[in-house]
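This report refers to the structure that appears directly beneath it.
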Amino acid sequence: MITQSFPVLLIAGLFGAIVGSFLNVVILRLPEKESLLFPASHCPHCTTPLHWYENIPVLSYLVLRGRCGHCRAGISWQYPVVELLTALLAAAIVFRFGLSFTAAGYFLFAAALVVVIFIDIHLQIIPDLISLPGILLGVLFALFSDALTWQSSLIGLLAGGGVLYAVAMGYLLWRKIDGMGGGDIKLLAMIGAWLGWQSLPFVILASSAGGALVGILAMVRQGRGGQSRIPFGPFLSLAALLYLFFTEHIAHAYHLYLTGQWP
Ligand SMILES: [Zn+2]
């Protein structure tokens with residue numbers, strides 16, 4: 001554990017907020033295959049381009065009280081949430097890994113997961129444009145980082161992809177419906193590549209538990225039926241982030257469990 005001074009964490013957080021502001025654009029435009037750079041940020045309602053002072057992460061949203069400065073149309077709270085989340089992730093990653101190659105790599109990984117979470121919530125897809133390069137970058141990262149070995153990454157990639165593929169095939173044969181999207185399979189392969197195969201039991205267990213809980217709550221709210229599709233990508237992504245920050249705690253709990261001291 002490398003503890004960083006407060007100014008370093010603050011700068012990391014500010015950097016994260018700026019990246020988060022870019023991620024908002026990616027979340028909006030990547031599924032539409034639009035350019036990420038042109039046109040410049042504008043109000044989605046009246047299309048007035050934003051002044052630089054209307055485009056400051058989180059602050060502009062607060063100062064403008066969530067409305068466009070030109071036409072007063074409401075602005076989605078998703079914008080400041082993504083900026084704040086990315087800021088916190090950047091600070092937490094620097095706190096944990098210092099100013100290092102590993103921190104830079106894991107920030108890229110976390111940013112990709114933020115994009116996956118919000119695109120999957122809106123559209124129930126996980127773009128290949130993120131997961132496939134993500135898989136490749138994960139293995140490359142393992143080659144140069146001391147956070148994990150390339151063997152652990154490669155086994156993670158294959159096992160992560162393979163486990164969900166087997167579940168999806170089993171589900172297809174059993175219920176004759178696609179329960180698990182191909183996007184989820186590629187996402188878990190990407191998570192395995194970045195975090196190593198050791199992360200997979202926790203990521204699968206935690207995401208399934210979270211997904212089942214939210215699924216039950218949704219069924220209770222909607223009454224009967226229960227065929228409503230809940231995107232699984234956000235649960236996989238959140239479980240991966242939990243593992244990234246609490247690896248030792250999770251390993252310790254697992255050790256206690258194996259030796260019969262927990263729960
Ligand atoms: Zn407007």
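Every read-out reported here was derived from the displayed coordinates using simple, explicitly stated rules and does not represent laboratory data. Everything numeric here is computed off the predicted structure, so don't read it as measured data. Ideal geometry is used to build each Cβ from the backbone, glycine not excepted, and the neighbour counts take in all protein chains shown.
Specify the residue that is surrounded by the fewest Cβ atoms within 10 Å (Cβ to Cβ); the eligible residues are those in segment 192-245 that are part of a helix (DSSP H, G or I) and touching a Gly at 6+ places or on another chain (Cβ under 6 Å).
In the first step, residues of segment 192-245 are kept if they are part of a helix (DSSP H, G or I); the result is 192-195, 197-222, 233-245.
Adding the requirement that they be touching a Gly at 6+ places or on another chain (Cβ under 6 Å) leaves 192-194, 197, 200, 219, 235.
Details: Gly192: 30, Ala193: 30, Trp194: 31, Trp197: 19, Leu200: 21, Met219: 15, Phe235: 24.
The selected residue is Met219.
Quick check on this structure: which one of Ser35, Ser41 is of a type in the set (S, T, N, Q) and loosely packed, with under 11 Cβ neighbours inside 10 Å?
Of the residues listed, the single one that is of a type in the set (S, T, N, Q) and loosely packed, with under 11 Cβ neighbours inside 10 Å is Ser35.
Would you mind finding the one in Ala91, Ala166 that is without any contact (Cβ under 8 Å) to a residue 24 or more places away in the chain, of a type in the set (A, V, I, L, M, F, W, C) and part of a helix (DSSP H, G or I)?
Ala166
Which one of these does Ile75 not meet: (1) touching a Cys at 6+ places or on another chain (Cβ under 7 Å); (2) surrounded by fewer than 16 Cβ atoms within 10 Å (Cβ to Cβ)?
For Ile75, the exception is condition (2).
Which residue pairs have Cβ atoms closer than 6 Å, lie 6 or more positions apart in sequence or on different chains, and pair a first residue in segment 46-63 that is more than 22 Å from Val81 (Cβ to Cβ) with a second residue that is within 13 Å of the ligand (Cβ to nearest atom)?
Cys46/His70; Cys46/Cys71; Thr48/His70; Pro49/His42
What are the residues in segment 246-263 that are assigned to a helix (DSSP H, G or I) and of a type in the set (Ser, Thr, Tyr), if any?
Thr247, Tyr254, Tyr257
May I ask you to list the residues in segment 33-72 that are at positive phi and not hydroxyl-bearing (Ser, Thr, Tyr)?
Restricting attention to segment 33-72, the residues satisfying the condition of being at positive phi are 33, 47, 58, 65-66, 72.
Lys33, Val58, Arg65, Gly66, Arg72, listed by residue number.
Of the residues that sit in segment 41-76 and are of a type in the set (A, V, I, L, M) and part of a loop (DSSP other than H, G, I, E, B), which one is farthest from Ala17 (Cα to Cα)?
Across segment 41-76, the extreme among qualifying residues is Ala73.
Considering each residue of segment 41-54, count those that are in contact with a His (Cβ under 7 Å, 6 or more places away or on another chain) and within 8 Å of the ligand (Cβ to nearest atom), and give that number.
Qualifying residue count, segment 41-54: 3.
Can you work out which of the residues in segment 2-40 that are among the charged types (D, E, K, R) and not in a helix (DSSP H, G or I) is nearest to the ligand (Cβ to nearest atom)?
Out of the qualifying residues, it is Glu34.
Testing Leu99 on (1) more than 12 Å from Met190 (Cα to Cα); (2) under 16 Å from the mean Cα position of the chain (by Cα); (3) touching a residue at least 40 places away in the same chain (Cβ under 8 Å), one condition comes back false. Which one is that?
(2)
Residue check: is Ser100 among the hydroxyl-bearing types (Ser, Thr, Tyr) and crowded, with 20+ Cβ neighbours inside 10 Å?
When the stated conditions are applied, Ser100 does not pass them.
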